[in-house]
């Protein structure tokens, strides 16, 4: 059963929002653009595995896609997590072309494509960090000591991989192509056949994971060293992307293409919730959307299908969900 459905990963949405608000001349612009391209390719690879996940029995597997779990000032992002009574499986997906080399002796990972070699972070080390995170989470919340295992799945059908080094024999069972993933899961079922988590445990753990899942907003800004002052404010034109629009005739007016919009501020609110925090005040909205009037900002916020708490000056607005 899919507990957390697959949507466009929040990190992709946040990176996209950063690029919309970052001047093209910024020193980190190209680096962030490259990161976005890699994550978009990864997302396509994750979607390609859905064909195999549907073969898993609904009554046995609880499936969570794109979990973002807080880890101090960092973020533990898991592509897919499978819960069963017998074990927990972390799946890390790599959608990369060319030849992929896992150097187990030096704990390095690189891609050979078009006769060029490029290094990346070692997927096994990342998967082991996620494994340790889930183990600590289980201990902290007093769950039974269920085995936590992982697979690194190569989703690109046209790529190949090789595992070298003295520890290759340890790593080989933990890496596979997408079309072999179900076979590896069946092997894990044979190895871990004793139920340790009850139905109540699984419900409790599912609720905990969903509650902990939060947008990695500040983490990505911090990762790239982006200050809030680096980001452009204002409302974008939905037609030509000009920034900023101005208020005219109770609408948003674009000085560049001369077109009007009633709801261009919705995308600005979306950017704010993705980049900073998932709540906003009248003052915060005025500063971000470049609105001078308190009353005007209030009317726009009240008409934007947002939830709110508090009254008058202390009122805070927030989105009804984060499915975007």
Residue tally, condition within 24 Å of the chain's Cα centre (by Cα), assigned to a helix (DSSP H, G or I) and more than 16 Å from residue 243 (Cβ to Cβ), over region 272-298: 2
The listed residue being crowded, with 16+ Cβ neighbours inside 10 Å, within 28 Å of residue 72 (Cβ to Cβ) and either under 23 Å from the mean Cα position of the chain (by Cα) or modelled with pLDDT of 95 or more (or both), out of 259, 197: 197
Options 50, 66, 92, 103; residue that is touching a residue at least 40 places away in the same chain (Cβ under 8 Å) and over 18 Å from residue 153 (Cβ atoms): 103
Single unsatisfied condition, residue 155 versus (1) buried (at least 19 other Cβ atoms within 10 Å of the Cβ); (2) touching a helix residue (DSSP H, G or I) at 6+ places or on another chain (Cβ under 9 Å); (3) over 29 Å from residue 74 (Cα atoms): (3)
Filtered residue count, region 224-239, keeping only those that are crowded, with 16+ Cβ neighbours inside 10 Å and outside any loop (DSSP other than H, G, I, E, B): 1
Qualifying residue in region 122-135 (condition: in the same structural domain as residue 84 (by TED's automatic domain parsing), under 20 Å from the mean Cα position of the chain (by Cα), in a loop (DSSP other than H, G, I, E, B) and crowded, with 17+ Cβ neighbours inside 10 Å): yes
Members of region 91-118 found to be in a loop (DSSP other than H, G, I, E, B), touching a helix residue (DSSP H, G or I) at 6+ places or on another chain (Cβ under 8 Å) and crowded, with 19+ Cβ neighbours inside 10 Å, listed by number: 95, 96, 104
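The values are calculated or read from the model by the stated rules, or taken from the named source; none is laboratory data. Keep in mind it's a predicted model, so treat the numbers as computed, not measured. Because the Cβ atoms are built from the backbone with ideal geometry, glycine has one as well, and the counts that use them run over all protein chains shown.
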